[in-house]
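K.L.:
Mind having a look at this structure? Questions to follow.
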Amino acid sequence: MKFSDMKYERPELDAIKRQYIEITRQFPDCSTASEQYDLILQHEKLMSNFQSMGTIAYIRNSINTVDPFYEKEIAFFDSNNPVFEESVQNFYKVIVASKFRPELEQKTGKLFFKNLEISMRSFSPAVIDLKKKENALVTEYEKLLASAKIEFSGETLNLSEIQKYQISSDRPTRKAAWEKTAGFFIENSKRLDEIYDELVQNRTSQAKILGYNNYVQLGYDRLGRNCYGPDEVKQFRDQVAKDLVPVITEIKKSQAKRLGLPDLKFYDDKSLFPDGNPNPKGDRQALVNQAQKMYRQMNPLTGEFFDFMVKNELFDLDSKKGKAGGGYCTEIPDYRSPFIFSNFNGTAGDVEVLTHEAGHAFASYLSQSMPILELRTPTMDAAETHSMSMELFSRKWDPLFFEEQTDKFYLYQLEEAINFIPYGCLVDEFQTTMYEKPNLSPDERKHVWKELEAKYRPWINFDHLPFFEDGGGYQRQHHIYSFPLYYIDYCLAQTAALEFWIASEKDWDESFSRYLTFVKAGGSKTYEELVKAAGLEYPMDQGCVKHMSEPIMDWFRRHA
Ligand SMILES: [Zn+2]
């Protein structure tokens, strides 16, 4: 069905609550496992419908933020999601206590129960007030950053608008843009320090109430991580520092050479080419047509998937007045449909939407027939592997988008991919340290960031750039405030994606068939199981990062 024909109806919350009370009451009294399984399926139907309506409202609101109808519907979901969530949590409690658990596990898999237990232990009504306060602090931080009005070259810019000057091909311009950005943060530094401190204290209190030592494990549980803990993540980061950072230091030297500079300063780091980044050819329709051609050639399943997206108009890609910013992929389970939202702007980012977001959408499309909603989507590390791998598998078709700039895009894409990993580890180690030592002062926090910069990005010379030189850089990384401990997921996903890419350079078909194995499993396996079942090295295992880095360095020696 076309997205525009999908029917929206506000869920009747009272009726839903009554149905949940009913199935929650019946569940313990069932005399067979299959009766209990039927009740689980009833819950799946209720949840699928509630989520579908919420998602339709969300998409239509982001396409036209001034439409008063969907604005009201969004407000309805914002205030009623917790009510719905409470009904679901109560039902989960009786599932976990089932007297037929072994029989049910045969139908759902053991992971379903494990995931429910993780989600239950990380929440209690006793932390609701703290959570409300936490949300308010996050909102204050986001608003403070969104309020930035930076005067630059005759324009008034916000923090995302000034980014184009931060990567300007004119060096004095990008330096000045960073100085102005630093000025905004220095002006607001006191409140930014306080907000972060209050967030760390708040999250630590929640952890104590729930019986954790500190926030680290609680944060992992809230992200649903079900196969590794902070120690394994540390093993991964150590490998990155030891085996990948030296490789990137080499790559950075060739970047400096390309830019005609003796060495790179902080404000040069994101400038990969003296004449700017590669851009795709053609407008939105042309790019979508090329993407359709690509997915049809790639594999029968990707062809079927993308044709479905096009036929049912499951995209909204053009920038329009009144439309929300950014981009995302989501899904509408009742209609078995993914949906991709974006704001095309003529940069390589447009093609990345058609590969990255489409990678998410492809995984969603393949999982629609799985009966248990909770097992369709894996943890974020694996979900981002779906999308980041698709970006790299599609390299074969990049000439369709970039024509004579294809080689430039190849270099750009691989450098961006690899450069990200140490930065992501920096963000992760910083956050972990903050929750392990919640009582550091603002200056001590900045000192930690500064030291970690030197560990993970030793090639960066701050050139006395205020604020950034002093370790303030963490304050512009939204995730650190808004999505605690979420970030290493991208590094793990990028590592697995690069493993697929290395294999695809030898035998594309063989590598892609292992990728299909990974994607088709949805969330029925843990990240570790998915990686291993696809024949990849597990990033936490000693040697994985080294084995990934060597062929990449090789590629750069031949191409950079
Ligand atoms: Zn993604």
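K.L.:
In the stretch 3-121, carbon and sulfur make up what percent of the accessible area (probe 1.4 Å)? Spell out each step's value before the answer.
P.N.:
Numbers: 3250 of 6270 Å².
The C+S portion of the solvent-accessible surface of the stretch 3-121 is 52 percent.
K.L.:
With θ taken as phi - 60° and the coefficients 6.51, -1.76 and 1.60, list the Karplus ³J(HN,Hα) couplings across the stretch 29-41 in order, rounded to whole Hz; mark glycine and proline as x.
P.N.:
After applying 6.51 cos²θ - 1.76 cosθ + 1.60, I find 8, 4, 9, 9, 5, 6, 5, 5, 4, 4, 5, 4, 5 Hz.
K.L.:
Once Lys and Arg get +1 and Asp and Glu get -1 on their Cβ, which of 378, 410, 81 lies farthest toward the positive end of the dipole of the chain?
P.N.:
Toward the positive end, the furthest listed residue is 81.
K.L.:
Just how large is the dipole of the stretch 292-367 about the Cα centre, in debye to the nearest 20, putting +1 at every Lys and Arg Cβ and -1 at every Asp and Glu Cβ? Before the final figure, lay out each step's value.
P.N.:
Numbers: 7 positive and 10 negative charges, 30 e Å.
Charge dipole of the stretch 292-367: 140 debye, to the nearest 20.
K.L.:
Further, regarding this structure: Rounded to the nearest whole Å², what accessible area per residue is found for the chain with the 1.4 Å probe? Each step should come with its number before you reach the end.
P.N.:
Details: 24090 Å² over 560 residues.
On a per-residue basis, the chain sits at 43 Å².
K.L.:
Roughly what would the spin-label model give for residue 85 and residue 420, points 7 Å off Cα along C-beta, in nm?
P.N.:
Spacing of the two 7 Å Cα→Cβ label points: 2.7 nm.
K.L.:
Enumerate the calculated ³J(HN,Hα) couplings along the stretch 317-322 in order (Karplus 6.51 cos²θ - 1.76 cosθ + 1.60, θ = phi - 60°), each rounded to whole Hz, writing x wherever the residue is Gly or Pro.
P.N.:
Going residue by residue, I get 10, 6, 6, 9, 5, x Hz, with x marking Gly and Pro.
K.L.:
OK, next. Of 545, 153, 356, which is farthest on the positive side of the dipole of the chain, counting Cα position, with +1 on Lys and Arg Cβ, -1 on Asp and Glu Cβ, and the Cα centre as origin?
P.N.:
It is 356.
K.L.:
Among the listed pairs 164/506; 72/190; 143/321; 149/208, which are separated by more than 32 Å between their Cα atoms?
P.N.:
164/506; 72/190; 149/208
K.L.:
Report the net charge of residues surrounding residue 34, where surrounding means a beta-carbon distance below 10 angstrom and charges are Lys +1, Arg +1, Asp -1, Glu -1.
P.N.:
Values: positive: 107; negative: 35, 38, 103.
So the environment of residue 34 carries a net charge of -2.
K.L.:
What size of dipole, in debye to the nearest 20, comes out for the stretch 1-127 about its Cα centre when the only charges are +1 on Lys and Arg C-beta atoms and -1 on Asp and Glu C-beta atoms? Please list the in-between numbers first.
P.N.:
Working: 16 positive and 18 negative charges, 65 e Å.
Using only the charged Cβ atoms, the result is roughly 320 debye.
K.L.:
Taking only DSSP H segments of four or more residues, each worth -39500 (n - 2.57), what value at 222 nm results for the chain once the sum is divided by all its residues, to the nearest 500 deg cm²/dmol?
P.N.:
Working: 25 runs with 355 residues, N = 560.
Helix-only estimate at 222 nm: -20500 deg cm²/dmol.
K.L.:
Only bridges with both residues in the chain count here: give the DSSP antiparallel percent, nearest 5.
P.N.:
Values: 8 of 11 bridges.
About 75 percent, rounded to the nearest 5.
K.L.:
Round to a whole number: what % of the accessible area of the stretch 328-392 belongs to carbon and sulfur, probe 1.4 Å?
P.N.:
Working: 820 of 1630 Å².
Carbon-and-sulfur percentage of accessible area, whole number: 51.
K.L.:
If you don't mind, there's one more thing I want to ask. Points 7 angstrom from Cα along the Cβ direction at residue 336 and residue 48: gap in nanometres?
P.N.:
0.9 nm
K.L.:
Okay, next question. Could you pull the accessible area for residue 129 with a 1.4 Å probe, rounded to 10 Å²?
P.N.:
Only protein atoms counted, so the area is about 120 Å².
K.L.:
In debye, nearest 20, what is the charge dipole magnitude of the chain about its Cα centre with +1 on Lys and Arg Cβ and -1 on Asp and Glu Cβ, if you could check? Display every interim value, and only then the final one.
P.N.:
Working: 69 positive and 85 negative charges, 32 e Å.
Result for the chain is approximately 160 debye, rounded to the nearest 20.
K.L.:
Continuing with this model, one more query. Based on the Cβ-Cβ distance of residue 319 and residue 146, what FRET efficiency does E = 1/(1 + (r/R0)^6) give at R0 = 22 Å, to the nearest 0.05?
P.N.:
Working: r = 18 Å, r/R0 = 0.83.
It comes to 0.75.
K.L.:
In nm, to one decimal, how far is the modelled label at residue 29 from the one at residue 368, with both set 7 Å along Cα→Cβ?
P.N.:
Spacing of the two 7 Å Cα→Cβ label points: 3.8 nm.
K.L.:
Once amide H atoms are built 1.01 Å from N in the peptide plane, which residues 5 or more positions from residue 461, or in another chain, come under 5 Å H to H?
P.N.:
266
K.L.:
Also, quick follow-up: Which net charge results when you count Lys and Arg as +1 and Asp and Glu as -1 among the other residues whose beta-carbon is under 14 Å from that of residue 456? Could you put the intermediate results ahead of the total?
P.N.:
Values: positive: 234, 237, 242, 252, 450, 455, 457; negative: 238, 243, 269, 428, 429, 451, 453.
Value of the local net charge: 0.
K.L.:
Sum up the charges of everything whose Cβ sits under 14 Å from the Cβ of residue 372, counting Lys and Arg as +1 and Asp and Glu as -1, but leave residue 372 out.
P.N.:
On the way: positive: 45, 107, 110, 114, 376, 525; negative: 38, 44, 105, 374.
Every neighbour counted, the sum reads +2.
K.L.:
When the solvent-accessible surface of protein heavy atoms is calculated with a 1.4 angstrom probe, in what order do 495, 377 fall, highest first? Don't jump to the answer; show the numbers that get you there.
P.N.:
Values: 495 0, 377 75 Å².
Accessible-area ranking of 495, 377, largest first: 377, 495.
K.L.:
Here's something else I'd like to know. List, in order, the whole-Hz ³J(HN,Hα) value for each residue of the stretch 241-255 obtained from phi through the Karplus relation with A = 6.51, B = -1.76, C = 1.60 and θ = phi - 60°; use x for Gly and Pro.
P.N.:
4, 7, 9, 9, 4, x, 5, 5, 4, 5, 4, 5, 5, 6, 5
K.L.:
How large a share of the accessible area of the stretch 148-187, in percent, is made up of carbon and sulfur atoms when the probe is 1.4 Å and the other protein chains stay in place? All intermediate terms of the calculation are to be shown ahead of the outcome.
P.N.:
Working: 1050 of 2180 Å².
Carbon-and-sulfur percentage of accessible area, whole number: 48.
K.L.:
Using a 1.4 Å probe on the protein heavy atoms only, what accessible surface does residue 464 show? Give it in Å² to the nearest 10.
P.N.:
150 Å²
K.L.:
Arrange the peptides 158-167, 364-373 so that the one whose residues have, on average, the most other Cβ atoms within 10 Å appears first.
P.N.:
Going by the mean number of other Cβ atoms within 10 Å, highest first, we get 364-373, 158-167.
K.L.:
Something else: Which one, 454, 310, 211, is farthest towards the positive end of the dipole of the chain when Lys and Arg carry +1 and Asp and Glu -1 on their Cβ?
P.N.:
The Cα lying farthest towards the positive end belongs to 211.
The values are calculated or read from the model by the stated rules, or taken from the named source; none is laboratory data. Keep in mind that this is a model prediction, so the values were computed, not measured. Every residue, glycine as well, gets a Cβ built from its backbone with ideal geometry; the counts of neighbours run over all protein chains shown. Each accessible area value is taken on the protein alone, full model and side chains, heavy atoms only, with ligands, DNA and RNA left out. Shrake-Rupley method; radii C 1.70, N 1.55, O 1.52, S 1.80 Å.
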